[in-house]
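The values are calculated or read from the model by the stated rules, or taken from the named source; none is laboratory data. Fair warning: this is a prediction, and the values are worked out from it, not measured in the lab. Here the Cβ positions follow ideal geometry from the backbone for every residue, glycine too, while neighbour counts run over all protein chains shown. Areas reflect the complete protein model, heavy atoms only, side chains present, ligands, DNA and RNA absent. Shrake-Rupley method; radii C 1.70, N 1.55, O 1.52, S 1.80 Å.
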Amino acid sequence: MEITSKTVAIIGCGVSGLAAVKCCLDEGLQPTCFERADDIGGLWYYRDNSEHQVMTTVYKSTITTSAKEGMCYSDFPFPKEWPNILRHSYVKKYCDMYADKFGLNEHIRFSTRVTRLAQAPDYETTGRWVVTTQPEGSAGSQETNQEFDAVMICTGMFNNPHIPDFPGLDVFQGKVIHSQAYRTPDEYKDKRVVVVGIGNSGGDAATDVSRLATQVYLSCRRGVWLTGGGGDYGYPFDLEVIRRYYWVPFKLKMMLLKKSIERRNKLAMASLQPSHGLLACEPQMSEQLPNCIMNGSVVIRAGPARFTKTGLEFEDGTFEDDIEAVIMATGYRFKISFEVDCPALEMKDDSVPLYKLVFPLGLKHNTLSFSGAMEVLGAVIPCVELQARWAARVFKGLAKLPSQLEMQAEVTMTDEMMKKSFLPPHRHVGAVAYGDSIATEIGARPNFLKLFFTHPVLTLRCLFGPHVPYVYRLTGPGKTEEAKKAINTVWERIVAPTMTRRVETKRPPSPLALKLICPSIIASVIAILIVQFW
């Protein structure tokens with residue numbers, strides 16, 4: 001159904017919401033974004049607990065787990081001189097620059113909380129929605145209702161912290177918090193601390209606290225791959241791993257990566273050896289964790305079995321007493337953070353069935369979408385931007401969705417695939433496969449066979465080089481000539497921030513140059529591989 005009045009409510013203004021506002025403007029829609037905080041950035045807008053206890057933000061020490069070249073918006077690269085791995089303050093500044101460049105702030109209502117979402121009285125004929133809001137921090141104040149032609153829910157996955165009901169936790173006398181509330185290690189000075197959970201939040205909290213604590217125990221029920229952030233030649237790990245094709249068969253590449261990880265961290269992984277594959281869930285990207293394990297400031301323990309008043313027994317029978325604090329890095333449960341009056345949005349097994357993780361099933365009109373309701377094995381920003389581009393074109397009537405039966409079949413098939421390929425919560429997606437899937441919906445996935453005959457070197461870089469979001473600006477709506485330049489200069493921008501002192505040695509060759517051994521052979525290989533794109 002084509003929307004004529006073109007008004008869109010966007011709930012949340014983190015990296016997903018910013019992309020949604022910009023993509024709506026690109027399609028001539030009229031967005032209004034509601035943001036609970038007083039500024040943009042979502043997770044990346046650091047705030048102290050004293051001011052915003054219920055809002056999730058990064059830790060004071062947080063750095064990105066993805067390199068800047070792979071995690072930017074597709075039409076807005078990070079500044080060339082910025083580091084490859086970024087402190088959270090850089091990401092916040094980048095969000096500010098993005099909003100300023102495209103004039104997004106004038107469409108955002110800050111310090112405004114959405115309390116209810118419902119179908120409008122005339123929804124059956126119009127597909128419109130009623131969004132109820134009130135000023136943030138003003139409980140009981142008068143609410144405002146406003147009708148919109150479409151809604152984008154951009155509140156992400158990190159608004160409902162989950163703490164398992166461990167036996168004895170209610171009698172434990174120490175302090176217990178979820179990692180959502182953690183900011184700095186100051187209050188843990190000279191204390192014995194347990195961190196529960198081996199995801200990146202748990203690893204970061206454990207290493208951060210270990211600088212001041214007497215002892216930190218990192219409790220985990222499964223192993224994890226300690227990849228760190230660096231790959232071959234010191235280049236960012238994700239730029240080495242996240243590619244369309246490798247120069248060797250995929251299984252061989254994964255085997256070589258595992259061997260490389262084991263060579264670097266064999267001792268540190270003695271108690272963390274995973275039983276799952278390298279890509280079954282997000283690896284542990286902390287560079288500090290192996291060192292902390294080696295120097296004993298962080299000790300790996302099994303999962304929690306039961307708490308006592310002053311300690312914790314682990315699943316393997318070991319026990320630690322005199323524990324003064326516990327940080328639960330035990331993840332989040334997906335939850336819509338406001339009241340919803342719509343049967344199609346009812347939670348089922350902690351999720352809402354979504355076609356390609358964007359559009360809910362069971363709605364008569366496709367006038368509502370989700371953004372960021374998944375965990376990406378790779379960078380999040382390019383994926384949520386593609387989701388926003390697709391949703392905006394559906395709302396505008398420029399892209400069509402399949403029938404309900406076809407979407408239901410796709411959801412069922414995707415759920416089964418995720419259960420076979422990934423660890424719980426089964427909301428993981430691969431950055432390349434998922435990006436291509438959404439880009440296909442809007443005509444932004446390049447035809448690499450055609451591209452090869454006009455831009456052969458560019459095609460090689462797209463297929464065998466790092467996966468970068470600029471590839472989705474080579475064709476289709478939003479196509480820009482700047483995308484080609486960005487792809488061709490990726491390695492220059494990777495090297496640039498490290499060249500801070502002039503030396504009289506030759507600059508190390510880029511990985512692409514090292515691997516382009518024989519153009520004639522490569523051309524033959526490419527001709528075979530890209531037939532599938534015809």
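Around T330, what is the net charge, scoring Lys/Arg as +1 and Asp/Glu as -1 over all other residues with Cβ under 13 Å from its Cβ?
Values: positive: R221, R222, R333; negative: D165.
Taking every other residue near T330 into account, the sum is +2.
Tell me, what is the per residue accessible area of region 109-261 in Å², probe radius 1.4 Å?
With all protein chains present, region 109-261 gives 44 Å² per residue.
For the charge dipole of the chain, defined by +1 on Lys and Arg C-beta atoms and -1 on Asp and Glu C-beta atoms about the Cα centroid, which residue among T132, G311, V471 has the Cα displaced farthest towards the positive pole?
Highest projection toward the positive end goes to V471.
Mean Kyte-Doolittle hydropathy of -1.0 or higher plus an axial Cα length of 20 Å or more: which whole DSSP H helices in the chain meet both?
88-102, 250-265, 381-396, 404-421
Find the all-direction average of the projected area of the Cα convex hull for region 272-404, expressing the result in square nanometres with one decimal place.
Answer in nm², one decimal: 12.6.
What's log10 of I(q)/I(0) for region 197-301 at q = 0.11 Å⁻¹, Debye sum over Cα points only, no solvent?
-0.34
For the chain, go through all pairs of different Cα atoms, get the mean of 1/r, take its inverse, and jot down that Kirkwood value in Å.
24.7 Å is the Kirkwood radius here.
First select every other residue whose beta carbon is under 15 angstrom from the beta carbon of V193; then total the charges, Lys and Arg +1, Asp and Glu -1.
Numbers: positive: K175, R183, K189, K191, R192, R211, R301; negative: D186, E187, D190, D204, D208, E320, D321, D322, E324.
It works out to a net charge of -2.
Amide H neighbours of V195 under 5 Å, at least 5 residues apart or on other chains, H built in the peptide plane: list them.
HN-HN under 5 Å from V195: Y217, L218, S219, I327.
Taking the Cα centre of the chain as the origin and placing charges on Cβ (Lys, Arg +1; Asp, Glu -1), which of S275, V384, I261 is farthest toward the positive end of the dipole?
Farthest towards the positive end: I261.
Given a 1.4 angstrom probe, I'd like the percentage of the accessible area of region 67-220 that is carbon and sulfur, rounded to a whole number.
Here it works out to 47 percent.
On a 32 Å Cα-Cα criterion, which of the cross-link pairs K251/K450; K6/K485; K68/K259 come out too long?
The pairs that break the limit, which is 32 Å between Cα atoms, are K6/K485.
Hey, what did region 221-340 get for relative contact order, percent, Cα under 8 Å, at least 6 apart? Show your work: numbers first, answer last.
Values: 107 pairs, mean separation 30.1, N = 120.
In percent, rounded to a whole number, it is 25.
How far is the Cα center of region 95-124 from the Cα center of region 138-166, in Å?
A separation of 12 Å, based on Cα centres.
Taking 8 Å as the Cα distance limit and 6 or more residues as the minimum spacing, I'd like the relative contact order of region 132-212 as a percentage.
21 percent
For the chain, give the share of DSSP beta bridges that are antiparallel, in percent and rounded to the nearest 5; count only bridges with both residues there.
If I count the DSSP bridges inside the chain, around 40 percent turn out antiparallel.
Considering the dipole of the chain built from charges on the beta carbon (Lys and Arg +1, Asp and Glu -1) around the Cα centre, which of N105, T454, L212 is farthest to its positive end?
T454
With +1 on the Cβ of every Lys and Arg and -1 on the Cβ of every Asp and Glu, and nothing else charged, how large is the dipole of the chain about its Cα centre, in debye rounded to the nearest 20? Mind showing how you got there, number by number?
On the way: 60 positive and 57 negative charges, 428 e Å.
Taking the Cα centre of the chain as origin, the dipole is about 2060 debye.
Less than 16 Å apart at the alpha-carbon level, and either on another chain or at least 8 residues along: which aspartates and glutamates does that give for K258?
D232, D238, E240, E282
So what's the back-of-envelope 222 nm ellipticity for the chain, counting only DSSP H runs of four-plus at -39500 (n - 2.57) apiece and dividing by all residues, rounded to 500?
Calculated at 222 nm, the ellipticity per residue is -9000 deg cm²/dmol.
Using only the Cα atoms of region 89-222, each taken as one equal point scatterer with no solvent, compute I(q) by the Debye sum, divide by I(0), and report log10 of the ratio at q = 0.12, 0.14, 0.21 Å⁻¹.
At q = 0.12, 0.14, 0.21 Å⁻¹ the computed log10 ratios are -0.80, -0.93, -1.23.
Which value in Å is the Kirkwood Rh of region 1-130 over different Cα pairs?
16.2 Å
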